[in-house]
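Report on the structure given below.
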2 protein chains.
Amino acid sequence: MTATFSQWMGDIQQRTEAALEHALPAADLAPARLHEAMRYAVLGGGKRVRPLLVHAGGQLTGAAPGRLDRVACAIEMIHAYSLVHDDMPCMDDDVLRRGKPTVHVQYDEATALLVGDALQTQAFLHITEATVSDDPLRQIAMIRQLAQATGSRGMCGGQAIDLASVGQQLTLPELEFMHIHKTGALIRASINLGVQCGHGLDDGQMATLDHVGKVIGLLFQVVDDILDTEADTATLGKTAGKDAANDKPTYVSLLGVARARQLAEELCQDALDRLAPFGDTSQRLAELTRFIIRRQF
Amino acid sequence: MTATFSQWMGDIQQRTEAALEHALPAADLAPARLHEAMRYAVLGGGKRVRPLLVHAGGQLTGAAPGRLDRVACAIEMIHAYSLVHDDMPCMDDDVLRRGKPTVHVQYDEATALLVGDALQTQAFLHITEATVSDDPLRQIAMIRQLAQATGSRGMCGGQAIDLASVGQQLTLPELEFMHIHKTGALIRASINLGVQCGHGLDDGQMATLDHVGKVIGLLFQVVDDILDTEADTATLGKTAGKDAANDKPTYVSLLGVARARQLAEELCQDALDRLAPFGDTSQRLAELTRFIIRRQF
């Protein structure tokens, strides 16, 4: 009997936690304080959305779970590094993340800086320490895609645009451009890299899934903006309402809640329509898309 | 006629500068401010010691110069990222680097944080964008070695130990442990990765060159500590005497200048002795070792 979505999600979250436990240097290994703080930043929290997307992507090509765990850990380390640096005083200056004090509050600023730096490196180390594709050239291409999604033309570039946009009036295309980089690039890479852990697909199918990844990335951000307006800090596990407080443009500030919700519905439907031809192999990714639009945290 | 060492060094520095110009995103590409600041951090300065070591390593195995440029650029980007973050207010809080204002002074702290982050990613992107070894599995191993040298068990771990050692009384073995990580790991990787761009060597030869890399890394640091004590800020292009000012343990503070000089001579001789069996193919690495001990900046 196939597991329900909720069982599947719990299973992936659990195995991701175990894989991350194993993938991070032990807390008693020198330099111990750095390693302890790296583990603090990554373990015991987070929705693990990106690992779920990696595994859902892997279902489309029958990928081995162990390979998906490896890719999922690498991506989650990149995500965690970005949160640690984003929370620092010179950036968003936030004190709460995943219901716990942020790294620079729990430790200190210098440690937070090094934790983010070392987590990024650990991601690239982890994805080179075992086989994630039968074809080594494909594996090199996957590392390249991870770097593209992470760097100045991906996530980090999105952060830079976000920084420059504080207090600015953005147009909807400009806001979309920012989010396609800041959150979208890594979400998109999660699906694409999960897919590539398994058997080959034709170029048309790869392009469709890449588009789906882009749409899910935007969907995730639109929902995030709605939640930032409507949910409270305890439910989110991070400071609520901080976009408005920081005078940052969001989908809600540009469109209002009602139209932002409608946009989310449209994006969700677009993704589901494009996944339909993949039949059963797209089950988890379709369920995950519906989950993202329903989520309350 | 073979070029003199000084001609060779000038040639490598020049081609490295050109390769870095090309390897970094253009300053007018969005996000332009980030890309401009990345270029500011990397271009037009620096002794390019690591690229010189990559090319000298490559001479030992007849490696193609284009491959060596690629590896050299990746390593130099990692080095530049570490300097940008190291100079930030929460770390060494320095205002001068390579004779110019540091990135957080010239731009701002948030930009400096993102510049370091993006330069690290760019290094891993760069080393996956073209072939650096005929064997793709070897290339994956080389990326792994770069990550090992960069991360929490390499350079970044050394930074963490350095941070924890301020105001502490270290023993000579503790100081050596710190430097083997902080500066040593990337210098050692420079030689090892340069070597691997060319034809294969036997395990014994690889082990010898790895040892030479470790010795040159220590030599570099001992000389750096002597220069920090003796040279002035204008000659160094960075703030002189800052280790003493920051109450950081150094070879000079532990051994005194005379014994530190003697240690440098011993390390230099050890490296040269081990390089001798490689004959002409070790010419540049031997010359470079002698240059490092003679250098005034």
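Summary table below
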| quantity | calculated |
| --- | --- |
| Residue list for the stretch A:99-115, restricted to those being at the interface with chain B (Cβ under 7 Å from one of its Cβ atoms) and crowded, with 24+ Cβ neighbours inside 10 Å | A:LEU113, A:LEU114 |
| Matching residues, the stretch A:74-96, being away from chain B (no Cβ under 14 Å) and surrounded by fewer than 24 Cβ atoms within 10 Å (Cβ to Cβ) | A:VAL95, A:LEU96 |
| Options A:LEU20, A:LEU68; residue that is part of a helix (DSSP H, G or I), crowded, with 24+ Cβ neighbours inside 10 Å and touching a residue at least 24 places away in the same chain (Cβ under 8 Å) | A:LEU68 |
| Yes/no for B:ILE180 being under 14 Å from the mean Cα position of the chain (by Cα), under 27 Å from B:PHE278 (Cβ atoms) and at pLDDT 95 or above | no |
| All positions within the stretch B:25-40 that are closer than 21 Å to B:THR102 by Cβ and more than 12 Å from chain A (Cβ to nearest Cβ) | B:TYR40 |
| Residue in the stretch B:186-204 that is among the acidic types (Asp, Glu), touching a residue at least 12 places away in the same chain (Cβ under 8 Å) and either within 19 Å of B:ASP92 (Cα to Cα) or more than 8 Å from every other protein chain (Cβ to nearest Cβ) (or both) present | no |
| Unmet requirement for B:LYS47, which otherwise passes all of (1) among the charged types (D, E, K, R); (2) at pLDDT 95 or above; (3) in a loop (DSSP other than H, G, I, E, B) | (2) |
| Within the stretch A:116-145, considering residues that are hydrophobic (A, V, I, L, M, F, W, C), facing chain B (nearest Cβ under 8 Å) and out of contact with any Leu (no Cβ under 8 Å at 6 or more places or on another chain), the one surrounded by the fewest Cβ atoms within 10 Å (Cβ to Cβ) | A:LEU137 |
| All positions within the stretch B:250-297 that are farther than 15 Å from B:LEU52 by Cα, surrounded by 13 or more Cβ atoms within 10 Å (Cβ to Cβ) and of a type in the set (Phe, Trp, Tyr) | B:TYR251, B:PHE278 |
| Every residue from the stretch A:186-228 that is part of a loop (DSSP other than H, G, I, E, B) and either surrounded by fewer than 21 Cβ atoms within 10 Å (Cβ to Cβ) or among the charged types (D, E, K, R) (or both) | A:GLY198, A:HIS199, A:GLY200, A:LEU201, A:ASP202 |
| Test result for B:LEU236, closer than 27 Å to B:ILE78 by Cβ, touching a helix residue (DSSP H, G or I) at 6+ places or on another chain (Cβ under 7 Å) and at pLDDT 95 or above | no |
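The values are calculated or read from the model by the stated rules, or taken from the named source; none is laboratory data. None of these values were measured; they are calculated from a predicted model. So basically every Cβ, Gly included, is an ideal-geometry build from the backbone, and we count neighbours across all protein chains shown.
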